[in-house]
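Down below is the structure, laid out as structure tokens.
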Amino acid sequence: MILSQIVAVSENGAIGKNNELLWKFPEDLNYFKKRTTGKIMIMGRKTFESFKKPLPKRFHIVVSRQNKDTTIENVKYVNSLTEAYTLAEKMTLTNLWPEEVMIIGGGEIYKESLKDADFLYITRIPGSYEGDTYYPLKTPPEFMMAFSQFSEDVPGLRFEIWSKEQNEDNQQD
């Protein structure tokens with residue numbers, strides 16, 4: 001299983017406020033859709049609730065302290081990130097879902113899963129925003145930039161892909 005975080009983050013690290021996005025850039029929303037469609041997504045409860053309904057053609061693993069059974073198609077609640085990883089791993093082994101699993105937020109899920117991520121898909125949003133949810137501004141040293149491209153539509157908007165550096169100390173089995 002490959003774990004990837006996908007996030008849009010402002011220059012001051014803000015990613016959301018009152019459980020909503022702070023900006024609406026169609027190019028970024030299309031990028032998110034392209035990267036997550038057909039995949040398993042892991043998220044916190046508030047992130048899931050912000051969608052109003054499940055996103056099409058994706059499986060939603062929702063981490064929540066509340067025990068919730070649901071009959072909503074392509075949605076499963078779990079109690080911890082570890083439980084989310086276990087479920088996602090089982091699902092990818094069935095070959096019904098691709099190996100890459102996307103972590104899509106919120107703030108605590110990002111922080112907790114950063115050490116486990118293999119890739120970071122970061123959209124750099126120009127400007128600073130007042131938020132109540134933040135993403136770390138410093139990319140951990142074990143990651144190296146694999147790709148960077150500026151938007152053609154929005155000055156300063158940049159798409160980055162970071163890959164966990166593979167060396168003898170952190171090789172995966």
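General remarks:
- Within the range 47-58, considering residues that are among the charged types (D, E, K, R) and surrounded by fewer than 18 Cβ atoms within 10 Å (Cβ to Cβ), the one nearest to residue 110 (Cα to Cα): 49
- Residue check, residue 110 touching a residue at least 60 places away in the same chain (Cβ under 8 Å) and touching a Phe, Trp or Tyr at 6+ places or on another chain (Cβ under 8 Å): yes
- Output for the range 59-89, where each listed residue is more than 17 Å from residue 106 (Cβ to Cβ) and among the β-branched types (Val, Ile, Thr): 70, 71, 72, 82, 86
- Pairs, first without any contact (Cβ under 8 Å) to a residue 24 or more places away in the chain and farther than 20 Å from residue 46 by Cα in the range 118-139, second outside any loop (DSSP other than H, G, I, E, B) and open to solvent by less than 60 Å² (accessible area, probe 1.4 Å), C-beta under 9 Å, six or more apart: 139/120; 139/122; 139/160; 139/162
- Scanning the range 8-52 for residues that are among the acidic types (Asp, Glu) and assigned to a helix (DSSP H, G or I) gives 27, 28, 49.
- Tabulated pairs, the range 26-48, first touching a residue at least 40 places away in the same chain (Cβ under 8 Å) and within 18 Å of residue 82 (Cα to Cα), second of a type in the set (Phe, Trp, Tyr) and not in a helix (DSSP H, G or I), C-beta under 8 angstrom, 6+ apart or interchain: 40/59; 40/97; 41/59
The values are calculated or read from the model by the stated rules, or taken from the named source; none is laboratory data. No experiment lies behind these values; they were computed from the predicted model shown. Positions of Cβ are generated from backbone atoms using ideal geometry, with glycine treated the same way; all protein chains shown enter the neighbour counts. In case anyone asks, the SASA skips ligands and DNA or RNA and just uses the protein heavy atoms, side chains included. Shrake-Rupley method; radii C 1.70, N 1.55, O 1.52, S 1.80 Å.
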